[in-house]
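Before any comments, here is the structure.
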Amino acid sequence: MVKGIAIIGAGMIGAAHASAYRQYAHRFNPAPGVLHTVCDMNGMAARKLAADWGFAHVATDWKKVIADPQVDVVSVCLPNFLHTEVTLAALAAGKHVLCEKPLALSAAQARPVHEAALKATTVSGTVFNYRRIPALAEIRARVVAGDLGRPVQISVAFQCDYAADPLLPHLWRYEFAKAGPGALLDVGTHAVDMLRFLFGEVQGVVGAASKISIAERRLPLGTTSGHGHVALSDKMAAVDNDDVMTALLRFANGAQGTMTASRVAVGSGNRLTVEVMGTRGTARFTTETPSYYEMALLTEGGPTGFQRIMNRPGSPNIGGLVAVPHDSVAVGYSEWFGFMIHEFLTCIAEGRAFDNGSIADGYHTAIVLDAIQRECCNKVPPLT
């Protein structure tokens, strides 16, 4: 039974964890206090997140939270450069740990986390919540079953516009030393994981290209959180990680694929688009239409047109977790995130590994991300 849940990092993604735990923690422990602590060095942010989602305690020192015997589940929701230190400490303290992506700034930094997770007796994972989109989970099942034939080609694009406005302030996300590669690590991590989720291991990176489209930004006058506007100073700081990244990859199964990541794609919001092609069919999906995916098959009479496959009670995660599991029900980001948290808590309750987005998945994704960086600009963060 889960005793107490702590979220370390009260920013935008910390709220996603808090909401999901609020929705599902009672299934595993209905006692008051299971939503235990929100921790952030910004005490005001921690207090607000705790109040919004019903957490009992607030802290500003993550080390004290990890040492608390009443906390046995920890979500690490901090800036990229802090993921490794906090996750290693939580694993060493015997906590169940769910670490935000990316697992680390590089594969070299991710390796010790991977090794520690293998030795740990607790449950741990990397936040790859898009694996829980019902349509994408069903596409993967069709690929594995051979419904689309032999895998030929895959295209995954993760396009966002959160950094498209040049008047947004400079912050850690735009510093290679703290964030690693920019769009590649921030949203490209999800894209690379989706490539692996659907087509298996990447054998090699054939080519890659990157671009910094906004070369410098003004420094903020105060504290920042998320992607919002704040008062700006007159001082400028250079952006030294990518706004856009594209890569061409080859898979162990003989297929090829492309990955595109952008944080400056005006109008795209937060869009993941996937197209999977095999010798007998093609399946495609975009988060802009989350209630269905489309599939075309090669029949004796020739190729069919694309047909919509709607969400339904039998779709992955829909029947047991959606409040109204009716045909064509649309589910969005918060539901996908909740499905992941429910699976994580289920693994803890049942004492089994969290294999669908494990620490190992985070590590192997980091290896591919490093390869893309080397192919593009030979710039990989050092081991620290």
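If you average over every viewing direction, what projected area does the convex hull of the Cα atoms of the chain give, in nm²?
Details: hull surface 75.0 nm².
That works out to 18.8 nm², a quarter of the Cα hull's surface.
Taking the charge dipole of the chain about its Cα centre, with +1 at Lys and Arg Cβ atoms and -1 at Asp and Glu Cβ atoms, the residue from Gly4, Trp336, Phe158 reaching farthest to the positive side is Gly4. When the inverse distances between all different Cα atoms of the stretch 63-127 are averaged and flipped, the Kirkwood radius reads 11.5 angstrom. Under the convention that each Lys and Arg Cβ holds +1 and each Asp and Glu Cβ holds -1, the size of the dipole of the stretch 5-127 around its Cα centre is about 120 debye.
Tell me, in nm to one decimal, what length is gained between Ala51 and Asp327 on full extension, where the rule is 0.36 nm per residue of separation less the Cα-Cα distance? Could the numbers behind the result be given before it?
On the way: separation 276, 0.36 × 276 = 99.36 nm, distance 3.53 nm.
Contour length minus the Cα-Cα distance gives 95.8 nm.
Helical runs assigned H by DSSP (4 residues or longer) give the chain a calculated mean residue ellipticity at 222 nm of -9500 deg cm²/dmol, each run adding -39500 (n - 2.57) before division by the residue total.
The charge dipole of the chain, taken about the Cα centre with unit charges on the Cβ atoms of Lys, Arg (+1) and Asp, Glu (-1), comes to about 260 debye, rounded to the nearest 20. Near Leu221, the amide H atoms lying under 5 Å from its own belong to Ala231, Leu232, Ser233; only residues 5 or more places off or on other chains count, and H is placed 1.01 Å from N. Think of the stretch 5-127 as having a plus end and a minus end, set by charges on the Cβ of Lys, Arg, Asp and Glu; of Leu118, Tyr21, Ala67, Tyr21 sits farthest toward the positive end of this dipole.
Evaluated over the Cα positions of the stretch 5-127, the convex hull gives a direction-averaged projected area, one quarter of its surface, of 6.7 nm². Connecting C-alpha atoms closer than 10 Å in a GNM of the chain, tell me which of Glu216, Glu300, Glu288 has the biggest fluctuation. Highest fluctuation of the listed residues: Glu300.
Amide H to amide H distances under 5 Å link Phe354 with Ser124, where only residues 5 or more positions off or on other chains count and H is placed in the peptide plane.
Computed extension length for Ala353-Met41: 109.2 nm, one decimal, from 0.36 nm per residue of separation with the Cα-Cα distance subtracted. Taking amide hydrogens as placed 1.01 Å from N in the peptide plane, the amide H of Val74 sits under 5 Å from those of Ala6, His96, Val97, Leu98, each at least 5 positions away in sequence or on another chain.
Bridgeable lysines around Lys178 (alpha carbons under 26 Å apart, same-chain partners fewer than 8 residues away excluded): Lys48, Lys63, Lys64, Lys95, Lys101, Lys211, Lys235, Lys379.
Give me His342, His83 ranked fewest to most by other Cβ atoms within 10 Å of their Cβ, as a rough exposure proxy. Can you show the working numbers first?
Values: His342 21, His83 25.
Least crowded to most crowded, the residues run His342, His83.
Peptides 15-26, 362-373, 184-195 ranked from most to least packed, by the mean per-residue count of other Cβ atoms within 10 Å: 184-195, 362-373, 15-26. With contacts taken as Cα pairs under 8 Å and at least 6 residues apart, the stretch 5-127 reaches a relative contact order of 23 percent.
No value in this document is a laboratory result; all are computed from the given coordinates. Owing to the predicted nature of the structure, the values given are computational and were not obtained by experimental measurement. Backbone-built Cβ (ideal geometry, glycine too); neighbour counts: all protein chains shown.
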